[in-house]
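No lab work stands behind these numbers, since they all come straight from the coordinates. Only a predicted model underlies this, so the values are computations on that prediction, with no experimental measurement involved. For neighbour counting, all protein chains shown are included, and Cβ atoms are generated from backbone atoms with ideal geometry for every residue, glycine included.
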Amino acid sequence: MGGVIAAGHPRTAQAGADVLRVGGNAVDAAIAAVCVSLTAEPGLTSLGGGGYMLVAIPGGEDVLLDFFVEAPGRGAHQSRPAELLPVSVSFGDAVQVFNVGPASVGAYGLPAGLCEASRRFASRPLSELVAPGAAAAREGIALSAEQAYVVEILTPIFETTPECRALHGLPGEPAAGDVVRNPELAATLERLGAEGDRPFYEGDLAAAVIAHLEGSGSLLTADDLAAYRAWPREPVQARYRGRDVLSTPPPSAGGILIAYALSLLERGDSPASTEQLVAVMEAAQAERTPEFLEGLGDHDFVERFASSRMGGTTHVSVLDGEGMACSVTCSNGEGSAIVVPGTGIHLNNMLGEQDLNPLGFHCHPPGRRLPSMMSPTVVLRDGAPELVLGSGGSNRIRSAILQTVVNVVDRDMPVDEAVRAPRVHFEDGVVYAEPGVDLEGVEATGHTVSRFRAPNLFFGGVHAVQAGDPPAGGGDPRRGGAVVVA
């Protein structure tokens with residue numbers, strides 16, 4: 001079928017391209033790539049996490065699959081969870097505290113999401129699509145320099161349990177070229193391909209998760225897992241420069257904020273100046289009020305709104321030869337350091353993310369999807385996908401995607417150049433900027449400016465593909481991105 005894929009590691013992208021070459025569609029390729037990313041991008045994603053997948057089909061229905069993490073606690077007998085374990089993580093110029101341990105674990109969604117995507121859209125058997133991921137987990141993948149850095153900065157979390165230390169080869173300093181293996185995950189992926197997702201939610205794998213957490217103070221119950229489903233939602237849509245931009249609806253925050261920012265830019269000149277971009281980012285942040293969010297159709301969304309976090313997140317963008325687009329973003333938070341014996345599954349720490357729990361920890365009612373800034377996005381021109389993109393990077397996701405869209409649509413940049421271009425981000429009264437951004441106009445407005453000395457993963461990791469003859473892609477070098485044309 002052919003096509004193009006962009007992802008967070010060369011092996012991740014190659015797995016998807018291999019599927020395209022044997023006739024698989026964009027969703028087939030994305031599923032295969034996600035399964036390989038579980039080993040190629042450790043610390044960023046896991047079967048114990050969740051995410052979103054946006055699928056756009058020319059002449060068909062556009063669908064957003066929501067398989068993000070849910071708040072647990074259905075049928076919980078204990079009234080209070082265990083104490084969260086705070087861990088300080090250094091990013092060089094800043095230190096951030098993350099909370100991990102059994103009480104940080106929410107109901108995972110990735111197995112359900114992959115299986116629902118397969119049932120709805122795939123043209124190849126799921127067993128075939130998980131096979132590259134299983135092989136990668138069993139045989140091992142060498143860490144890229146960027147992924148080695150992620151493991152290094154998350155080591156204080158991984159060191160909190162012996163099973164997580166063993167999974168990541170600790171003690172020892174992670175380095176590019178170190179081979180990551182997870183043979184237990186290989187067997188688990190093979191079961192996903194052969195049996196589907198039900199063993200993860202109602203069978204022996206679910207029982208293994210609950211048994212491992214038994215007595216630890218976790219709120220996750222067998223009822224939570226049995227009730228979990230991946231939900232189809234209608235994408236948020238915005239008009240921009242004669243195009244339709246699709247992204248994630250509530251309870252995700254990212255898509256509605258991107259749509260709002262684009263609507264503001266649509267009223268102004270093209271292309272926007274740096275000061276205009278900053279003004280739009282500032283306006284979007286200021287609009288995060290209860291009234292604004294209620295007007296977007298989710299009346300309790302304000303209680304679930306996420307602010308910034310490091311974001312253990314990765315993304316895959318695919319466009320196949322028939323014009324089908326698939327944009328999928330997955331996250332494990334920073335990981336809880338709880339690895340379920342015999343499965344290779346590292347469970348998420350979403351209940352320990354301060355910015356996902358703005359009213360306090362463990363305040364979400366059981367069954368509520370937690371918030372996220374993740375925003376898989378597709379730009380349509382005349383009804384057909386023109387640009388497919390998404391990013392990791394927490395609160396910077398929305399500004400990274402916004403600027404990439406502007407670079408391609410308004411500035412007519414090739415997609416690779418658009419992804420690599422220096423970025424700016426406004427947050428909490430500060431304008432953050434990479435080298436090469438013209439800040440003269442911004443400084444004249446009196447904004448506080450924080451200059452980075454080099455491009456930095458702080459500004460996200462946009463992996464994007466663009467329709468054309470031939471199609472093209474941009475893998476973000478800030479996060480080790482790669483592109484393969486099939």
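Can you put Cys35, Cys363, Cys330 in order, fewest other beta carbons within 10 Å first?
Cys363, Cys35, Cys330
Of the GluC sites (Glu not before Pro) found in the stretch 180-238, the ones in coil according to DSSP and having at most 10 other Cβ atoms within 10 Å of their Cβ are Glu214.
Between Glu440 and Arg411, full extension at 0.36 nm per residue minus the direct alpha carbon distance yields a gain of 8.5 nm. For the chain, the relative contact order works out to 24 percent when only alpha carbon pairs closer than 8 Å and six or more residues apart are counted. Counting only DSSP beta bridges with both residues in the chain, the antiparallel share comes to about 90 percent.
Measuring r between the beta carbons of Glu214 and Ala194 and using R0 = 25 Å, the FRET efficiency lands at 0.35.
With a Förster radius of 22 Å applied to the C-beta separation of Val485 and Glu128, the computed FRET efficiency comes to 0.55. Restrict the search to the stretch 378-486; then list the chymotrypsin sites (Phe, Trp or Tyr not before Pro) that DSSP places in a loop and that have at most 13 other Cβ atoms within 10 Å of their Cβ. Nothing satisfies the criteria.
Using 0.36 nm per residue and subtracting the Cα-Cα separation, the extra length available between Ser270 and Ala175 on full extension is 29.8 nm. Under the simplified labelling scheme, the Ala187-Ala207 pair shows an inter-label distance of 1.6 nm, with each label point 7 Å from Cα along Cα→Cβ.
Quick check: from the Cα gyration tensor, does the stretch 25-90 come out rounded (a/c under 1.5), prolate or oblate? Oblate, because a/c is 1.5 or more while a/b does not exceed b/c.
P(r) tail, the stretch 58-147: Cα-Cα pairs separated by more than 18 Å, 71% of all pairs. Relative contact order, percent, of the stretch 213-274 when contacts are C-alpha pairs under 8 Å separated by at least 6 residues? Once divided by the residue count of the stretch 213-274, the mean separation gives 22 percent. Taking every DSSP helix (H) stretch of at least 4 residues in the chain, weighting each as -39,500 (n - 2.57) and dividing the sum by the residue count yields a mean residue ellipticity at 222 nm of -10000 deg cm²/dmol.
Rounded if a/c is under 1.5, else prolate if a/b beats b/c, else oblate: with a ≥ b ≥ c from the C-alpha gyration tensor eigenvalues square-rooted, which is the stretch 126-200?
Since a/c reaches 1.5 and a/b is larger than b/c, the shape of the stretch 126-200 is classed as prolate.
Taking 25 °C and 0.890 mPa s as the conditions, I'd like the Stokes-Einstein D for the chain in µm²/s, using the Kirkwood hydrodynamic radius from alpha carbon pairs. It comes out at roughly 112 µm²/s. Rounded to the nearest Hz, the phi-derived 3J(HN,Hα) couplings of the stretch 395-407 under the Karplus curve 6.51 cos²θ - 1.76 cosθ + 1.60 (θ = phi - 60°) are 5, 7, 4, 5, 6, 5, 5, 4, 5, 5, 4, 4, 4, where x marks glycine and proline.
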